[in-house]
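Presented below is the structure to which this report refers.
The values are calculated or read from the model by the stated rules, or taken from the named source; none is laboratory data. Being a predicted model, the structure only gives us computed values, none of them experimental. Virtual Cβ from ideal backbone geometry, glycine too; neighbours counted across all protein chains shown. Ligands, DNA and RNA are stripped out before the accessible areas are found, and what is left, the full protein with its side chains, is counted by its heavy atoms. Shrake-Rupley method; radii C 1.70, N 1.55, O 1.52, S 1.80 Å.
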Amino acid sequence: MSDQQGLTDLPAGDTSFLHSLLESLQSLDWINLGWFAGVVLALVLLFAAGLKVPARLAFASRMASATLVVAAAVMVTILANVALFRHDAHLDLTHDKAFTPSAEAGEVVRRLSEPIDVVYFYQKQNQAARALGAMLRQLERQNANFRVQQIDADQNPALASSQGVRTYNSAVLRLGERRVEVITTDDREIALGVLRLLRTREVVICFASGHGEYDIDNFEFHTHFEGAHNHSHNVSGTGVVQMEQHGLGRLRRAIEKLGLVARKVSFATGQPIPDDCAAIVEANPRTRYSPGETDVLRRYLERGGSAMFLIEPDYTLDESIAALLAGLGIAVRDGVIVDPTEHYFTDEQMIAVSRYGAHPATRGLALSFYPGARPLEILAAPGVQVTPLAASSGDSYIIANRLGNQTKAKSGPRSSQIIVLAAEGRLEGSAAAPFRMIVAGDADFASNSFFPYLANSDAVLAAISWLTREERAPAMRPPVEVLPTVSLTGEQMRGIFLVTVLLIPGLIAFAGSAMWWWRR
């Protein structure tokens, strides 16, 4: 009787248990376990031999015993060194794993099938650069196609100059005749450089302009408050730190780090959207489309184009765009979603989403949030598959004005509201290729103000990957720099107020009064 037959004779629960046990045993590294067991056994034997050695021996016996112990110690040392040489081990005891490559960078390097040479010109005095050098060595051992050379730029300035390097901590990556230079002390930047080097085609992300959309060339840092409390970009607004208008500078830089190209396009000229636009991003239009512009977008989608529409609540959608979206199975409704259950901080209009619809664009996403979102709805559209990607909780309701009276809306019906959805299919039955479309009832979650926080950047970049049909590419996200901030809840702020304004000054006043009374 074969092993398989024996397994089939067992009950289903026992069979699954044996399968899981066999899989766990097959996953063990028996060679490393054998080396480990051998070293431990040798140490035990040495210890036991030491216990057996009599306290008083003749000279010859002492010499023989000592020789035996020394020989055994030397043998164990040699075996231990052989084990370490053949089976490299890395131990990083720092809290942030400062000397360990990230999982994303390791995945990119392990999947390399073409040889890439990395020359890292580092500054010896820079601790972060030395840490990156250690991580590059670890990555090099994971794949023979990843070859690393580290050079002290101060000791070899002529070599750095011959490679075109002008700054410290520059990594030159080469694949054949192709070359990418990365200035960094972050291993994820090196992995992004590898992805750019491997990219064989130029992928262009076109950002629509001409209707007051968010600009991709503005400042990256902009902080303001939005939601039930206030939403203003004027100096009269309370709690506003104004640096520049909203924008997509951070998104543009993240796209460029991934090796994509960001470009502005305008529909106003009536010219067709260029064929090299892998995706169109329409982020917060403020003026109405003309029918001619909508026709340009329609023809682009009929050719199998991809588009992302990010529409704010206070924008009135014109009839031509609304009709186009209806043909894609999407309706954009008016109002603002309020979610008393799932929201970010204390603002019920900043919808927090931790559960997503099953879709390639939402795979592995963590918590993201959408400040001030309008509801979407799925319509019947033949040949089009529409998937909700993000929605509010079932306790949500809709208000007409984000700053208006919400008393009536609170007592009304409550239900989950769709915030983001994806559509794929053919706009017409005879369309040449299927289109892809993602519509969100909010644009601020992708703007500079909110792009770096929680999983907002992951949500935007994953959507772009799906639109450009690169959802199967390695999941590598560029690091997004953010200013260090401290976020406090209302209860924490009240506690700080009580301690610093009332308790401590009160204790000082009480102590002074008590001293005065005692001396009186």
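For A128, the test of being over 23 Å from N32 (Cβ atoms), open to solvent by less than 80 Å² (accessible area, probe 1.4 Å) and touching a Lys or Arg at 6+ places or on another chain (Cβ under 7 Å) is failed.
Would you call R147 open to solvent by 50 Å² or more (accessible area, probe 1.4 Å) and within 17 Å of V182 (Cα to Cα)? Write out each step before concluding.
Numbers: open to solvent by 50 Å² or more (accessible area, probe 1.4 Å): yes; within 17 Å of V182 (Cα to Cα): yes.
Judged against the criteria, R147 is a match.
For (1) among the acidic types (D, E); (2) open to solvent by 50 Å² or more (accessible area, probe 1.4 Å); (3) in a strand (DSSP E or B); (4) more than 17 Å from F445 (Cα to Cα), each residue gets a yes or a no:
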{"position": "A331", "(1), (2), (3), (4)": "no, no, yes, yes"}
{"position": "A352", "(1), (2), (3), (4)": "no, no, yes, no"}
{"position": "T387", "(1), (2), (3), (4)": "no, no, yes, yes"}
{"position": "N405", "(1), (2), (3), (4)": "no, yes, no, yes"}
{"position": "K408", "(1), (2), (3), (4)": "no, yes, no, yes"}
{"position": "S416", "(1), (2), (3), (4)": "no, yes, no, yes"}
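Looking only at residues in the range 424-445 that are in a loop (DSSP other than H, G, I, E, B) and out of contact with any Phe, Trp or Tyr (no Cβ under 8 Å at 6 or more places or on another chain), which one is most open to solvent (accessible area, probe 1.4 Å)? Checking each candidate, the answer is S430.
Within the range 185-192, the presence of a residue that is open to solvent by less than 60 Å² (accessible area, probe 1.4 Å), more than 11 Å from I116 (Cα to Cα), among the hydroxyl-bearing types (S, T, Y) and not in a loop (DSSP other than H, G, I, E, B) is excluded. Regarding G292, is this residue over 28 Å from I398 (Cβ atoms) and either at pLDDT below 85 or surrounded by fewer than 16 Cβ atoms within 10 Å (Cβ to Cβ) (or both)? In short, yes. Only one of the numbered conditions (1) open to solvent by 50 Å² or more (accessible area, probe 1.4 Å); (2) over 19 Å from A98 (Cα atoms); (3) not hydrophobic (A, V, I, L, M, F, W, C) is not met by D152, and that is (1).
Can you pull out every residue in the range 316-329 that is open to solvent by 50 Å² or more (accessible area, probe 1.4 Å) and closer than 17 Å to D442 by Cβ? Show your work before the answer.
Narrowing the range 316-329 to residues open to solvent by 50 Å² or more (accessible area, probe 1.4 Å): 316, 319, 323.
Across the range 316-329, the qualifying residue is only T316.
Applying the selection to the range 267-298, what residues are closer than 18 Å to M437 by Cβ, of a type in the set (S, T, N, Q) and part of a loop (DSSP other than H, G, I, E, B)? Across the range 267-298, the qualifying residue is only N284. Every listed requirement among (1) aliphatic (A, V, I, L, M); (2) crowded, with 17+ Cβ neighbours inside 10 Å; (3) modelled with pLDDT of 85 or more; (4) closer than 21 Å to L195 by Cα is met by V165 save one, (3). The residues of the range 353-378 that are touching a residue at least 40 places away in the same chain (Cβ under 8 Å), of a type in the set (G, A, S) and under 12 Å from A455 (Cα atoms), listed by number, are G364, A366, S368.
Close Cβ contacts (under 9 Å, 6 or more residues apart or on different chains) running from residues in the range 411-425 that are under 9 Å from I398 (Cβ atoms) to residues that are of a type in the set (K, R) comprise Q417/R333; Q417/R374. Assess whether Y120 counts as being surrounded by 12 or more Cβ atoms within 10 Å (Cβ to Cβ) and within 18 Å of L192 (Cβ to Cβ). Taking the combined requirement at face value, the residue satisfies it. Applying the set (1) β-branched (V, I, T); (2) touching a helix residue (DSSP H, G or I) at 6+ places or on another chain (Cβ under 9 Å); (3) within 23 Å of D152 (Cα to Cα); (4) in contact (Cβ under 8 Å) with a residue 24 or more places away in the chain to I183 leaves exactly one unmet item: (4).
If we scan the range 207-227, do we find a residue that is buried (at least 18 other Cβ atoms within 10 Å of the Cβ), on the phi > 0 side of the Ramachandran plot, modelled with pLDDT under 75 and not β-branched (V, I, T)? So far as the range 207-227 goes, yes, one or more of its residues are buried (at least 18 other Cβ atoms within 10 Å of the Cβ), on the phi > 0 side of the Ramachandran plot, modelled with pLDDT under 75 and not β-branched (V, I, T).
Taking A279, is it open to solvent by 10 Å² or more (accessible area, probe 1.4 Å) and at pLDDT 90 or above? No, not satisfied. Here the range 63-105 is the region considered, the condition is being over 49 Å from the mean Cα position of the chain (by Cα) and polar (S, T, N, Q), and the residue that is least open to solvent (accessible area, probe 1.4 Å) is S65. For the range 367-376, the count of residues that are of a type in the set (S, T, Y), surrounded by fewer than 23 Cβ atoms within 10 Å (Cβ to Cβ) and not in a loop (DSSP other than H, G, I, E, B) is zero. Might you let me know whether the range 453-469 holds any residue that is of a type in the set (S, T, N, Q), under 23 Å from R201 (Cα atoms) and either surrounded by 23 or more Cβ atoms within 10 Å (Cβ to Cβ) or modelled with pLDDT of 85 or more (or both)? The answer is yes, given that some residue of the range 453-469 is of a type in the set (S, T, N, Q), under 23 Å from R201 (Cα atoms) and either surrounded by 23 or more Cβ atoms within 10 Å (Cβ to Cβ) or modelled with pLDDT of 85 or more (or both).
The single condition among (1) surrounded by 22 or more Cβ atoms within 10 Å (Cβ to Cβ); (2) within 19 Å of the chain's Cα centre (by Cα); (3) more than 14 Å from I337 (Cα to Cα) that L421 does not meet is (2).
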